[in-house]
1. In the range 17-36, what count of residues is obtained for those that are open to solvent by 10 Å² or more (accessible area, probe 1.4 Å), modelled with pLDDT of 95 or more and on the phi < 0 side of the Ramachandran plot?
2. Just the residues that are without any contact (Cβ under 8 Å) to a residue 24 or more places away in the chain, under 14 Å from Y57 (Cβ atoms) and open to solvent by 80 Å² or more (accessible area, probe 1.4 Å), please, taken from the range 94-104.
3. Have a look at K76, K107 and point out the one that is open to solvent by 80 Å² or more (accessible area, probe 1.4 Å), on the phi < 0 side of the Ramachandran plot and part of a loop (DSSP other than H, G, I, E, B).
4. Give me a count of the residues in the range 72-84 that are within 14 Å of L112 (Cβ to Cβ) and either among the basic types (K, R) or within 11 Å of the chain's Cα centre (by Cα) (or both).
5. Looking at the range 39-57 only, could you name the residues that are surrounded by fewer than 20 Cβ atoms within 10 Å (Cβ to Cβ) and in contact with a helix residue (DSSP H, G or I) (Cβ under 8 Å, 6 or more places away or on another chain)?
6. Restricting attention to the range 16-52, which residues are within 13 Å of the chain's Cα centre (by Cα) and assigned to a loop (DSSP other than H, G, I, E, B)?
7. Being touching a residue at least 12 places away in the same chain (Cβ under 8 Å), among the polar types (S, T, N, Q) and under 14 Å from F32 (Cα atoms), is that true of even one residue in the range 62-77?
8. Considering each of Q69, Q103, Q93 in turn, give the residue that is over 13 Å from the mean Cα position of the chain (by Cα) and modelled with pLDDT of 95 or more.
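The values are calculated or read from the model by the stated rules, or taken from the named source; none is laboratory data. In this text the structure is predicted, and so the values were computed from the model without any measurement. Here Cβ is always computed from backbone atoms with ideal geometry, including for glycine, and neighbour counts include all displayed protein chains. Surface areas here come from the heavy atoms of the whole protein model, side chains and all, with no ligands, DNA or RNA. Shrake-Rupley method; radii C 1.70, N 1.55, O 1.52, S 1.80 Å.
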Amino acid sequence: DAGVHSKAWYAAACDRRMAEDALYQSNKDGSFLIRKSSGQDSRQPYTLVVFYNRRVYNIPIRFIESTRQYALGREKSGEERFDSVAEIVENHQRTSLVLIDSQNNTKDSTKLKHIVRVS
């Protein structure tokens with residue numbers, strides 16, 4: 001698998017609403033967790049959920065069959081690809097993640113700082 005099951009940030013039995021509620025409760029910029037995607041699509045198996053500036057962002061994690069790698073969001077040229085979901089998390093604990101608000105067409109960025117556990 002993607003190397004997620006033993007990780008503190010992986011919320012296995014968590015749906016979108018539970019994830020969003022947990023992040024709103026944490027109320028800390030850079031709070032995050034990873035959950036299974038709602039669609040149960042093998043090409044988008046997980047979702048990175050991030051809290052920033054009083055908003056929750058749900059960012060799809062795609063699985064790229066041809067290279068057996070993972071990437072964030074919609075496919076784009078020159079995108080970063082990772083060998084595991086854990087590598088995505090480790091990378092964005094060091095480097096900022098761009099958060100795009102499609103409704104207001106704004107961009108923010110934050111690092112993944114606080115692991116949120118869903119009880």
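1. Selection size over the range 17-36: 10.
2. Quick first cut of the range 94-104, residues without any contact (Cβ under 8 Å) to a residue 24 or more places away in the chain only: 94-96, 98, 102-104.
Next, only the ones that are under 14 Å from Y57 (Cβ atoms) stay: 96, 98, 102-104.
Answer for the range 94-104, where residues must be without any contact (Cβ under 8 Å) to a residue 24 or more places away in the chain, under 14 Å from Y57 (Cβ atoms) and open to solvent by 80 Å² or more (accessible area, probe 1.4 Å): V98, S102, Q103, N104.
3. Going through K76, K107 in turn, the sole match is K76.
4. Adding up the residues that qualify gives 1.
5. V56
6. Answer for the range 16-52, where residues must be within 13 Å of the chain's Cα centre (by Cα) and assigned to a loop (DSSP other than H, G, I, E, B): just G30.
7. No, the range 62-77 has no match at all.
8. Of the residues listed, the single one that is over 13 Å from the mean Cα position of the chain (by Cα) and modelled with pLDDT of 95 or more is Q69.
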